[in-house]
Amino acid sequence: MTDKDDVLRLEGLKVHYPVRLGHGFTQGALKAVDGVDLTIGRGECLGLVGESGCGKSSLAQAVMGLVPITSGRIELTGREDWGDDMLARARTVQMVFQDPFSSLNPRQTIGQSLAGPLKLHGFSNRSEREDRVAEMLRKVGLNPDAAKRHPHEFSGGQRQRICIARALIVDPKLVVCDEPVSALDVSIRAQIINLLLQLKDELGVALLMISHDLGVVEHMSDRIAVMYLGRIVEEGGWRDIFTAPAHPYTRTLIASIPDPTRPADSWERLQGETPSALTPPAGCAFHPRCSRAFGPCTSGTVPGFTPLTEGHRARCHLLTQGDPA
Ligand code: SF4
């Protein structure tokens, strides 16, 4: 049953891309997202973490309506079928992209870039649009005079602030942030993360925060979902994930968070490459890289979720055998 406070609800979401080989016949499917269930409540921040190629960007694109889904359900604010009302859907969910350099039109002023979505969503009064642009620039820590300037006059961090203002200007219920700080200088990442957190609290907007780096989502997520090869392998409150990680993959991700108090060559790194989503390993897809793998892991049975504490669950055969992984 749908919780009326869920801003986003995914049920059994699959995004498979047909792959044509040989003479153009469909030979298989790249299973970028393969049966994901997730919810995000009003004003909540969910961190979605996993290595490059695990499917998190395909999931984000599906939520944005940018790629067709193979099966499953996507509900935004309790609504699945938007029919021809795609503008209303777009107003409900907005996105902040990784690269603030290519996200803004270099020929438009910042004011034009921010007023564009307002026009699209029916704000026909020009002075109302200008007021709203000035208000949003203030909210992201910029002077309203920035509206008269062009993107090249701003630093990377300032441009990402502008992109955040553009995403929030139509008052969405959910903002999908796809690696929003990974293209920025390390010294300003914390400022952007703090800004997103502050705006989440101030505006009550929910965030889907996507990152390859658990360290980035650690301090801002109410809950964290760890994704591996198209599936969620562990999900829980940030405290569950960081103090009692149950899946060997989550443990390795935590151990590989850079620790500035230790020399870089002593930091743990994940061994091996992520397998192809075209030919995922049988059984637990993590088994070729898992130091705890044992018989059932390779037998062809995908581990199901084991509930741990309230809201905390993980997929690992060790858990069904009473082993704390
Ligand atoms: Fe490792 Fe097996 Fe658990 Fe997969 S199911 S994470 S291979 S122990």
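Name every residue in the stretch 279-325 that is assigned to a loop (DSSP other than H, G, I, E, B), charged (D, E, K, R) and more than 9 Å from the ligand (Cβ to nearest atom), in order of residue number.
Glu310
Look at Leu208 and say whether it is at pLDDT 85 or above, away from the ligand (no atom under 12 Å from the Cβ) and within 30 Å of Val93 (Cβ to Cβ).
yes
With respect to Ser52, determine if the residue is exposed (fewer than 15 other Cβ atoms within 10 Å of the Cβ), under 19 Å from the mean Cα position of the chain (by Cα) and either part of a helix (DSSP H, G or I) or modelled with pLDDT under 95 (or both).
So Ser52 passes the test.
Only one of Val205, Val181 is within 20 Å of the chain's Cα centre (by Cα) and under 30 Å from Ser256 (Cβ atoms); which?
Answer to the selection: Val181.
Being assigned to a loop (DSSP other than H, G, I, E, B) and either free of Cβ contacts under 8 Å to residues at least 40 places away in the same chain or of a type in the set (Phe, Trp, Tyr) (or both) is the filter here; which residues of the stretch 90-112 pass it?
Listed by number, the residues that qualify are Phe97, Phe101, Ser102.
Just one of (1) within 16 Å of the ligand (Cβ to nearest atom); (2) of a type outside the set (Gly, Ala, Ser); (3) surrounded by fewer than 23 Cβ atoms within 10 Å (Cβ to Cβ) trips up Glu202, so point out which.
Just one mismatch for Glu202, condition (1).
Being within 12 Å of the chain's Cα centre (by Cα) and not hydrophobic (A, V, I, L, M, F, W, C) is the filter; apply it to the stretch 208-222 and report the residue that is surrounded by the fewest Cβ atoms within 10 Å (Cβ to Cβ).
Per the stated criteria, the residue is His212.
Whether any residue in the stretch 248-267 is near the ligand (Cβ under 9 Å from one of its atoms) and either farther than 19 Å from Val36 by Cα or modelled with pLDDT of 90 or more (or both) is what I want to check.
Yes - at least one qualifying residue is present in the stretch 248-267.
Condition first: part of a helix (DSSP H, G or I) and surrounded by fewer than 15 Cβ atoms within 10 Å (Cβ to Cβ). Now tell me which residues in the stretch 113-146 satisfy that.
Scanning the stretch 113-146 gives Lys119, Leu120, Arg126, Ser127, Glu128, Asp131, Glu135, Arg138, Asp145.
Looking only at the stretch 97-111, how many residues end up being at pLDDT 95 or above and surrounded by 15 or more Cβ atoms within 10 Å (Cβ to Cβ)?
3
For Ile224, are the conditions met, namely being at pLDDT 95 or above and either aliphatic (A, V, I, L, M) or within 19 Å of Ala32 (Cα to Cα) (or both)?
yes
Among (1) farther than 30 Å from Phe305 by Cα; (2) modelled with pLDDT under 95, which single condition is Phe154 missing?
(2)
Scan the stretch 6-15 and give yes if some residue there is in contact (Cβ under 8 Å) with a residue 12 or more places away in the chain, assigned to a loop (DSSP other than H, G, I, E, B) and among the small types (Gly, Ala, Ser), otherwise no.
no
The values are calculated or read from the model by the stated rules, or taken from the named source; none is laboratory data. Quick caveat, the model's predicted, so the values are computed rather than measured. Using ideal geometry, Cβ is built from the backbone for each residue, glycine included, and neighbour counts are taken over all protein chains shown.
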